[in-house]
Amino acid sequence: MSGDAGQVDTIAVAQAAHGLVETDPARAASMAEGALRRARARREHEAEVVALHALGFARHELGDARAVRTLRAAVRVGERHGYHRRAAMARRPLAFCLAYGGAVAAAQRELDAADAALDGIERARSEVFRFALLHLAGQAPASLAGSQRAVATLRRAGDAIWEARLLGNRGLLLAELGDADAAEPDLLRARDLFAGHGATAAALGTDYELARVSLARGDLPTCLARLDAIEAAGGVPAMHNSSLELLRAKALVAARLIGEARESLDAAQDIWRRAGVDDPDGRLEVARLTLLAGEPDRARALAERTRRSFSAQRRAVHAADARGLTLAAAVAAGAVRPAMLASGRRAVAVLAAAGRSDLAARVQLTVARVAIELGRPAVARRELAGCASLRRRGPVADRIEIHHVEALVAAASGDPRSAQRAARTGLALLEQYRAALGAAELRATASAIGAELARLGLRVAVEAGGAAGVLAWAERLRASALRTAPVTPPDSPVLREHATDLRRVTAEIRRAEAAGRPARVLVARQAALEQSIRRLSRHDVPGRPAGTPRAAAGRAVADPRRLAAALGPAALVEMVELDGELGAVTLVDGRLAHHRLCAAAPVAEQLEWLRFALARLARGDLRPPQWASALAGAQASADELAAMLVDPLAETIGRRPLIIVPTGLLHGVPWAALTTLRDRPVTVAPSAATWLMRQAPGSRRRRKVVLVAGPRLRHAGSELAGVGASHPGCAVLRGRAATVAATLRALDGATVAHLACHGRFRADSPLFSALELADGALNVYALQRLRRVPDLIVLSACDLAISDARPGDELLGFAAALIGMGARTVIASTTPAPDAAARRLMIDLHNRLISGLSPAHALSSVLAARGPRDLALTGFVCLGAG
């Protein structure tokens, strides 16, 4: 009797260890090892099987390579000593471990052997493992009937945890197969069951799968919010955390936030390295990210290496997926070979046979691209016909790619009209998708999804030779996010708290640096707070159904007749870059013309030299020979830029005021530095459509002028006094009163705002570009809380006219954000400005504004009145409506 009681006790300890695995695998392994030692010492064979089972399960969760060997030992001991039911139950996690390592056929044999020895509720529980195997093998179930019967059995027995596991695994597989609508109810029910029975870790794991479903649907804000909630909950095991980071990387790749995606992938890979795990799925995602980052040759090598890994593991579905990525990289690298058509078709067949229709269609779409590159449009058209499923569902990038390939096929077949029609349809999908995003950053980065398609439309238009078509395509994907009505970030208490903490920390960093004290800990805290603010600001507003458009965009293409009427005597110059060559479309007196300018590379070189020279002139500490050298260098570069960008247009634009719509690197040009433009009004607009939108009269409001002075600016006080003389009764914030909160309250609903502050453009994170105020930085995230921005904003600060130009000429930065929020005109500088000279310029500027000049005319007249010594001031530009 005592021996039986001892064995029961040992089994109880082993079973308790098994129950701990999902919440604390390290402790579970320790308990199971103790139970195993006790069972072997007492020759308690049944307890030995249970302990080995628990230990193998725990070792798998810990990423311990001994897991398979341990579970095989459990099966062997059970079969040898007649504990067949116990052995069968150990076969199930063994099957999962084998499938996880790529031995799918062996895993299926183990699971079939387990089922032969089980019945009733344990047979129902086996469905949990069967769906896990199907997922790892990338295969669709023959039917869901068996799982439905198993769910009913488990529910009748009140076995909520195993029901949750089965629903979770089934939902996971359905989501992987592209059926998000069927997957979500299973996953939601599983999460509620886990949470209701205290299985917190399992509930978080199901939340992870729900995040995957959100990503599959293209609902990025919800996906990112779910991932952040899982991370905030804490207690996620290391290997699960690697999966979380991998999924975050996939979401960030979908959002085209390439730098952050790379950070998440690096974090996941670091976990795998420490655990001694090689995750081919992670390596495939690295290859995908590398391709999007513009390194097709490296991406191709990574994808091919990963394909070989999957093939060695006999994971045919995953190998076929990797083959598709290899082909996509070859297309991007211009390294397509005829043999790739056949290998791509084999991959499609493997995926289709496994029930992975969406993935098969994606690879078939790549095969069509291969055929186009090989000059075989008829073959491409046949392949394209097999991708119809992607039109109806799936991420927006896939649906847009369908139209892209259609456009390529039409262009290759000599049908430019059909090519442009397909391209327009694809970009219309992108506009709908963007309107459903609630974060300015996600809206801007979304344009990268359609950038290649827009370039194709532009290329067809340029080849056709019509200036109207070139203008239309130059506009179609240009600064589209800024035309979408602004939204306020989520009203999250945590977001507000972190914003306050960030202001405090940045102020402390500034004081520490001024005192010569180390600030490493503060800088790390600043980085953590910024990451949190970035993430929280991407979440959607609670209560809004996923995918619901937040706000309609303005017209993608401005009507040339309306543009001509609004321009009056001014001239529109819209810059275009295509295949490394710069061109321009002009609209003068109702006449459109397309001009070829020059290669983009020498413009980039001269612009870099000009900005460097202007920054040196602004320092004010140069000796006369150095100053003369910097001035000569600046003038020489400005003259070169004028010769490349303006002089070829001189006959067309004459001496007219200009509305310039730059592209790419040209957004950083200090246009007034170019001699031929220094004495004429120049307005810089993100797009012609945005400029036209800002010409419409705004609603009437009472005139309210706000002046703000930040700290550590020697001439700020006298600047505000001089500017204030032009605006009697204006509101003035200076000294300790010029806090972020007070400034935002004053700016809300003002008509004119003048801010004399230190400014900083953050190339690494443009939405943290900021003005320095008494209690810290006023950044773009804070600005987005304004209900109504001033009509005219003058930023007497360095660098804040600069924007980070993303694909589609989407602009992220301080001044660009103000334009996107509805400001009619922003005057700011693209370069550092000397304080004393800027003070005089600003006072003169406001005097001319009060006299009735438009902002563009006022700025050009004050700059024209300065001599060569004030060349550093030519970095100021008039943005928006002018």
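Sort out which residues of the range 1-38 are modelled with pLDDT under 80 and touching a helix residue (DSSP H, G or I) at 6+ places or on another chain (Cβ under 9 Å), and write them in order of number. Within the range 1-38, Gly3, Gly6, Gln7, Val8, Glu22, Thr23 meet the criteria. Could you tell me whether the range 136-149 includes any residue that is modelled with pLDDT of 90 or more, over 27 Å from Ser243 (Cα atoms) and within 44 Å of the chain's Cα centre (by Cα)? Within the range 136-149, one or more residues are modelled with pLDDT of 90 or more, over 27 Å from Ser243 (Cα atoms) and within 44 Å of the chain's Cα centre (by Cα). Across the range 274-293, the qualifying residues are those that are open to solvent by 60 Å² or more (accessible area, probe 1.4 Å) and not acidic (Asp, Glu), and the one among them that is nearest to Ile449 (Cα to Cα) is Leu292. Scanning the range 599-630 for residues that are in contact with a Gly (Cβ under 9 Å, 6 or more places away or on another chain) and not in a helix (DSSP H, G or I) yields a single hit, Ala599.
Using the structure shown, decide if Pro662 is surrounded by 15 or more Cβ atoms within 10 Å (Cβ to Cβ), of a type outside the set (Lys, Arg), within 31 Å of the chain's Cα centre (by Cα) and closer than 18 Å to Ala689 by Cβ. Against the criterion (surrounded by 15 or more Cβ atoms within 10 Å (Cβ to Cβ), of a type outside the set (Lys, Arg), within 31 Å of the chain's Cα centre (by Cα) and closer than 18 Å to Ala689 by Cβ), Pro662 qualifies. Selection of the range 841-860 for residues being in contact (Cβ under 8 Å) with a residue 60 or more places away in the chain and part of a helix (DSSP H, G or I) yields Met842, Ile843, His846, Asn847, Leu849, Ile850, Pro855, Ala856, His857, Leu859, Ser860. Residues in the range 605-639 that are open to solvent by 50 Å² or more (accessible area, probe 1.4 Å) and under 14 Å from Thr675 (Cα atoms): 4 in all. Looking across Ala815, Ala750, one residue alone is small (Gly, Ala, Ser), part of a helix (DSSP H, G or I), within 26 Å of Arg700 (Cβ to Cβ) and open to solvent by less than 10 Å² (accessible area, probe 1.4 Å). It is Ala815. Considering only residues in the range 175-185 that are open to solvent by 20 Å² or more (accessible area, probe 1.4 Å) and in a helix (DSSP H, G or I), the one that is nearest to Ala137 (Cα to Cα) turns out to be Glu176.
Helices (runs of 4 or more DSSP H) fully within the range 6-93 that include at least 3 residues being within 22 Å of Ala117 (Cβ to Cβ): 45-61, 67-80. A residue that is in contact (Cβ under 8 Å) with a residue 40 or more places away in the chain and crowded, with 22+ Cβ neighbours inside 10 Å cannot be found anywhere in the range 227-241. Every listed requirement among (1) among the basic types (Lys, Arg); (2) within 28 Å of Gly276 (Cβ to Cβ); (3) buried (at least 18 other Cβ atoms within 10 Å of the Cβ) is met by Arg38 save one, (2).
Here's the yes/no breakdown for (1) small (Gly, Ala, Ser); (2) within 29 Å of Arg443 (Cα to Cα):
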position: Ala329; (1), (2): yes, yes
position: Ala333; (1), (2): yes, yes
position: Gly344; (1), (2): yes, no
position: Ala352; (1), (2): yes, no
position: Thr366; (1), (2): no, yes
position: Gly386; (1), (2): yes, no
position: Ala397; (1), (2): yes, yes
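Checking each residue in the range 284-319 for being farther than 17 Å from Ala347 by Cα, over 17 Å from the mean Cα position of the chain (by Cα) and not in a helix (DSSP H, G or I) picks out only Glu295.
Out of Arg85, Arg76, Arg43, one residue alone is open to solvent by 20 Å² or more (accessible area, probe 1.4 Å), modelled with pLDDT of 90 or more, more than 30 Å from His135 (Cβ to Cβ) and more than 45 Å from the chain's Cα centre (by Cα). It is Arg43. Candidates Leu879, Leu853: the one that is surrounded by fewer than 22 Cβ atoms within 10 Å (Cβ to Cβ) and modelled with pLDDT of 95 or more is Leu853. Counting the residues of the range 88-115 that are among the hydrophobic types (A, V, I, L, M, F, W, C) and open to solvent by less than 10 Å² (accessible area, probe 1.4 Å) gives 8. Of the candidates Ala782, Ala777, the single residue that is open to solvent by 10 Å² or more (accessible area, probe 1.4 Å), touching a residue at least 12 places away in the same chain (Cβ under 8 Å), in a strand (DSSP E or B) and closer than 22 Å to Arg496 by Cβ is Ala777.
In the set Ile509, Ile533, only one residue is in contact with a Leu (Cβ under 8 Å, 6 or more places away or on another chain) and more than 28 Å from Asp748 (Cα to Cα); that residue is Ile509.
Screening the range 535-565 for residues that are open to solvent by 40 Å² or more (accessible area, probe 1.4 Å) and assigned to a helix (DSSP H, G or I) and picking the one that is modelled with the lowest pLDDT gives Pro560. Against the criterion of being under 24 Å from Gly101 (Cα atoms) and outside any helix (DSSP H, G or I), Arg337 does not qualify.
Here is the figure for the range 642-659: residues that are more than 28 Å from Ala481 (Cβ to Cβ), open to solvent by less than 10 Å² (accessible area, probe 1.4 Å) and of a type outside the set (Val, Ile, Thr) total 2.
The values are calculated or read from the model by the stated rules, or taken from the named source; none is laboratory data. Bear in mind the structure is a predicted one, so any value in this text is a computation, not a measurement. Don't worry about glycine lacking a Cβ; one is built from the backbone with ideal geometry, like all the others, and counts go over all protein chains shown. Side chains included, ligands, DNA and RNA excluded: accessible areas come from the protein's heavy atoms. Shrake-Rupley method; radii C 1.70, N 1.55, O 1.52, S 1.80 Å.
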